[in-house]
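What follows is one structure encoded as structure tokens, with my remarks underneath.
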Amino acid sequence: MFGRDTQLVDCREAMGLGRGGGIAQRGTISEAARPDVVAIAMTPGRRHITKPVCEITYGLRREGVQVSVLVLEAGAGIPMDETGSSTSSKGYGPKFGITAKEIDQIARHKIVLIHMGNINSHVVSKTKKILKYVDIPAVIACEYPLDFEDFAKEGIRTKNIMPKNPETEGTVMAIVSGITRGETCSRSVINELVKAIREILAQDIEQTHTIRSDLLIQEGLLAEE
């Protein structure tokens, strides 16, 4: 008993990128043995830097929270439907998208931690896309201050404000700002994230969450059986 807790993490299905393999490839996940939290990272690229997610994950694990990390297949840009197109992005390219497989991976965890860049409108639109299909509590990690009203006015369910016509199954339960991509994440911010996640876990959250398969089929993300 030295204040340390061994954690097992399932390795990714593909080797990392860059010198030393330090950057996880798109479309991969490292899963914790106990799926408390899944942290979602942007697709790595010249402008999309995933460094804060690594530090956040390490900080949470050090505090005894089991964290999986999912790097999205198409985690760049903004959702197709936010630009007036009726076709969702499902693979490589400049538009943000999410696959049925990724939604299933998210649903296997108690909480989803979303870090999606430093442009407020992008953070909101990506959060809406992720929470549209799965009923799961979410913690938002962002750079500039956002509040529940910013999400609710776009149809996203939140802890404190419920939109008139909710367009998501998931709910934003906490928002932690002051996290800049590519920069070291401060200890005070890590502490805020740990506190928010522990408060949600204390509510005896379900291990798995309901997925709106009908929406996935309707939008062409899942083949009809």
Subject >> Selected from Gly97, Gly64, Gly182, residue furthest toward positive end of dipole (the stretch 25-218; charges at beta carbon) >> reply: Gly182
Subject >> Cα gyration tensor shape for the stretch 25-218, rounded if a/c is under 1.5, else prolate or oblate >> reply: rounded
Subject >> Extension gain (nm, one decimal) between Glu55 and Thr210, 0.36 nm per residue minus Cα-Cα >> reply: 52.8 nm
Subject >> Listed residue pairs exceeding 27 Å between alpha carbons, taken from Lys51/Lys126; Lys101/Lys164; Lys95/Lys195; Lys101/Lys153 >> reply: Lys101/Lys164; Lys95/Lys195; Lys101/Lys153
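Just order 133-146, 199-212 by mean Cβ neighbour count inside 10 Å, highest at the front, would you? Intermediate values should be presented prior to the final figure.
Numbers: 133-146: 21.6, 199-212: 13.6.
Top of the packing list down: 133-146, 199-212.
Of Thr158, Thr184, how do they rank once you tally other Cβ atoms within 10 Å and put the fewest first?
Values: Thr158 22, Thr184 10.
Least crowded to most crowded, the residues run Thr184, Thr158.
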Subject >> Whether the stretch 107-174 is rounded, prolate or oblate, judged on the alpha carbon gyration tensor where a/c under 1.5 counts as rounded >> reply: oblate
Subject >> From phi via Karplus (6.51, -1.76, 1.60), per-residue ³J(HN,Hα) for the stretch 111-125 in Hz, x at Gly/Pro >> reply: 9, 10, 9, 10, 10, 10, x, 10, 10, 3, 5, 5, 4, 5, 5
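Values in this text are rule-based calculations from the coordinates and carry no lab data. What you are looking at is a predicted structure, and each value in this text was computed from that prediction instead of being measured. Methodologically, a virtual Cβ is constructed for each residue, glycine included, from the backbone with ideal geometry; neighbour enumeration extends over all protein chains shown.
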